[in-house]
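What follows is a set of notes on a single structure, which appears directly below.
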Amino acid sequence: MRKISPEVAKHMDNLSNEAGVISALTIDQRGSLKRMLAEAANKPADETTIVDFKETVSSELTPYASAILTDPEYVLPATKGRDKKCGLLLSCEKTGYDTTEPGRMCDLIADQSALRIKNDSANAVKFLLYYDPDESDEINDKKKAFVERVGAETKANGLPFFRELLTYDGKINDAKSEEYAKVKPEKVFKTMQEFSKSQYDITVLKVEMPFNIKFVEGYNGDNNVVYTQEEAKKLLKKQSDLTNLPYIFLSAGVTSEEFIAEIEMTEKADADFKGKKNIENLNDALKGAKSWKDKLEIKE
């Protein structure tokens with residue numbers, strides 16, 4: 001069991017409900033949010049529009065979530081109206097990744113640090129990493145060192161470190177394709193194993209489902225079946241057994257109904273995972289989730 005300091009444990013309590021389960025409302029999207037708002041208004045979205053949108057979402061939905069995840073660029077106006085019982089996670093990475101070279105390298109927001117995030121009254125630092133475990137050592141060693149630095153800085157400031165992991169295949173352009181659906185489980189497993197190592201000082205993993213539900217029997221629509229529901233449950237159980245860290249799932253672009261179906265499959269697999277109506281439905285589905293305290297022990 002990984003040990004954490006009493007200070008980190010206090011922040012973890014602020015991010016979870018009475019049962020120790022984290023159900024975070026995520027509004028740290030920037031690029032995709034700008035595009036969505038621009039399409040809705042039929043004009044480019046300016047900073048004021050984005051701030052107003054995030055402030056409204058924060059005010060309306062945080063009473064139903066244990067925590068809210070957002071980005072520091074809009075942190076003060078977007079979270080000032082959040083529910084007083086709702087914890088705060090802040091992203092420290094720039095949106096997107098470097099497209100000028102292979103490897104999907106991320107970068108940090110230039111004027112942010114773990115100390116500044118702490119001074120903004122946040123309860124945790126979140127950093128997103130795009131990772132292909134089968135890419136070259138030259139690329140992945142840079143990413144590992146990057147995570148080590150962010151983890152060490154976050155630990156030094158007494159905050160939990162939430163590591164968001166998005167897998168990909170450097171040779172497959174479409175992550176939504178059947179081709180990628182077939183290799184995704186092993187990508188997710190290898191990535192979770194790597195970043196469960198103690199050298200990264202990660203407190204909680206934010207991870208993908210180890211399958212694409214759009215290729216799971218019963219949810220596949222017009223797509224071919226890549227996994228039966230029983231196979232999907234076995235993948236979820238294997239995922240759970242691969243890490244000693246608590247983890248929470250990314251919705252990763254699926255519909256609310258699909259995400260709830262995924263969470264329900266997780267409960268049936270006995271995996272040790274961690275809009276108002278959508279959140280209420282999700283909270284109902286999370287009744288089988290495990291507390292972060294099952295995998296993290298407070299240092300004496």
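The values are calculated or read from the model by the stated rules, or taken from the named source; none is laboratory data. The structure displayed is predicted, hence computed values, not measured ones. Cβ atoms come from the backbone with ideal geometry, glycine included; neighbour counts cover every protein chain shown. The protein model used for the area step is the full one, side chains on, heavy atoms only, and it has no ligands, DNA or RNA in it. Shrake-Rupley method; radii C 1.70, N 1.55, O 1.52, S 1.80 Å.
In a reduced charge model with +1 at each Lys and Arg Cβ and -1 at each Asp and Glu Cβ, the chain shows a dipole moment near 760 debye about its Cα centre. Only helical runs count toward this figure. For the chain, summing -39,500 (n - 2.57) over DSSP H runs of n ≥ 4 and dividing by all residues gives -12500 deg cm²/dmol at 222 nm.
The 3J(HN,Hα) values that the Karplus relation (6.51, -1.76, 1.60; θ = phi - 60°) gives for segment 157-162 are, in residue order, 9, x, 10, x, 10, 9 Hz. Gly and Pro appear as x. Which of the listed residues, 19, 220, 72, is farthest toward the dipole's positive end in the chain, when Lys, Arg count +1 and Asp, Glu count -1 at the beta-carbon? The residue sitting farthest along the positive end of the dipole is 19. Scaling against 2.2 N^0.38 Å puts the C-alpha radius of gyration of segment 6-132 at 1.11. Average accessible surface for the chain: 48 Å² per residue, computed with a 1.4 Å probe over protein heavy atoms with every protein chain in place.
Which trypsin sites (Lys or Arg not before Pro) does segment 119-187 hold that lie in a coil by DSSP with at most 16 other beta carbons within 10 Å?
Answer by residue number: 171, 176.
With a Förster radius of 51 Å applied to the beta-carbon distance between residue 298 and residue 222, the computed FRET efficiency rounds to 0.55. With the largest listed first and rounded to whole Å, the semi-axes of the equivalent ellipsoid of segment 148-222 from the Cα gyration tensor are 31, 12, 9. Carbon and sulfur together cover what percent of the accessible area of the chain at a 1.4 Å probe radius? Solvent-exposed carbon and sulfur of the chain make up 47 percent of the total.
The share of alpha-carbon pairs in segment 131-179 lying farther apart than 19 Å comes to 42%. For segment 102-239, the Kirkwood hydrodynamic radius comes to 16.3 Å, computed from all pairs of different C-alpha atoms. Size descriptor for the chain, Kirkwood hydrodynamic radius: 19.7 Å (Cα pairs only, one decimal).
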